[in-house]
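Right, one structure below, let's go through it.
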Amino acid sequence: MHIHANSSISWIVYLTTPHESARTAFRKPSGGGEFVFKNDRPSGHPNSETWVLPDAAAGTLVLYPGFLEHRVPPNEGQQRVTMALNAIPDRLDSLGYYIHFQ
Ligand SMILES: [Fe+2]
C-alpha cells in the first residue's frame, strides 16, 4: 500500500486492459475517522474499508485523492501498461493564509 504524498489529485489511465489479478485496490485512511459518520459495507462495495477497481478497459481513467492508500497486486496476465499522474500544487491559499512551495 502506498500514497502519493503532496498530490491533491492522482489519476491512472489504463493503456492496456488489465488482467483481473492486477486491478488497483484502494483502502480507506486508517485514522481520523472517529468523528465521521461511517457507512461501511462488505468488501468490494465503494463504501467498504477496501475497494478493488472493477473491470477496467484500455482508456479507463481513474481519479482519486493522493492520500488514499492503494496498491496493485502482482500481475498474472499479459503486460499491464498504465500512465499515473499527480497534481501537486505549487501554492495553497486558505482564507488568506498563503503558502508557496518552491
Ligand atoms: Fe500509486
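The values are calculated or read from the model by the stated rules, or taken from the named source; none is laboratory data. Source: prediction; values computed, not measured. Counting neighbours? That spans all protein chains shown, and the Cβs are built from the backbone with ideal geometry, glycine included.
If you go through region 81-102, how many residues are surrounded by fewer than 11 Cβ atoms within 10 Å (Cβ to Cβ) and closer than 11 Å to P18 by Cα? Walk me through it before giving the result.
Taking region 81-102 as the starting set, the residues that turn out to be surrounded by fewer than 11 Cβ atoms within 10 Å (Cβ to Cβ) are 83, 90-91, 93-102.
Subset that is closer than 11 Å to P18 by Cα: none.
Going through region 81-102 one residue at a time, the tally reaches 0.
Residues of region 47-71 being among the polar types (S, T, N, Q) and over 16 Å from V13 (Cα atoms), which ones? Walk me through how you get there before you give the answer.
Start the filter on region 47-71 by keeping residues that are among the polar types (S, T, N, Q), which leaves 47-48, 50, 60.
Correct list: N47, S48, T50.
Do the conditions hold for T60, that is, is it touching a Phe, Trp or Tyr at 6+ places or on another chain (Cβ under 8 Å), modelled with pLDDT under 85 and within 16 Å of the ligand (Cβ to nearest atom)? Can you show your working first?
Working: touching a Phe, Trp or Tyr at 6+ places or on another chain (Cβ under 8 Å): yes; modelled with pLDDT under 85: no; within 16 Å of the ligand (Cβ to nearest atom): yes.
So T60 fails the test.
Quick one: is F37 at pLDDT 85 or above and either under 11 Å from the mean Cα position of the chain (by Cα) or loosely packed, with under 10 Cβ neighbours inside 10 Å (or both)?
Values: at pLDDT 85 or above: no; either under 11 Å from the mean Cα position of the chain (by Cα) or loosely packed, with under 10 Cβ neighbours inside 10 Å (or both): yes.
No; evaluated as a whole, the condition is false for this residue.
Can you name the number of the only condition in (1) over 14 Å from the mean Cα position of the chain (by Cα); (2) at pLDDT below 80 that K28 fails?
(1)
Of the residues that sit in region 67-83 and are in contact (Cβ under 8 Å) with a residue 60 or more places away in the chain and either near the ligand (Cβ under 9 Å from one of its atoms) or acidic (D, E) (or both), which one is nearest to K28 (Cα to Cα)?
Within region 67-83, the subset in contact (Cβ under 8 Å) with a residue 60 or more places away in the chain is 67-71, 78-83.
Retained after the next criterion (residues that are either near the ligand (Cβ under 9 Å from one of its atoms) or acidic (D, E) (or both)): 69-71.
Details: E69: 7, H70: 9, R71: 12 Å.
The qualifying residue nearest to K28 (Cα to Cα) is E69.
Kindly provide the set of residues from region 59-80 that are loosely packed, with under 12 Cβ neighbours inside 10 Å and in a loop (DSSP other than H, G, I, E, B), ordered by number.
Listed by number, the residues that qualify are G59, P74, E76, Q78, Q79.
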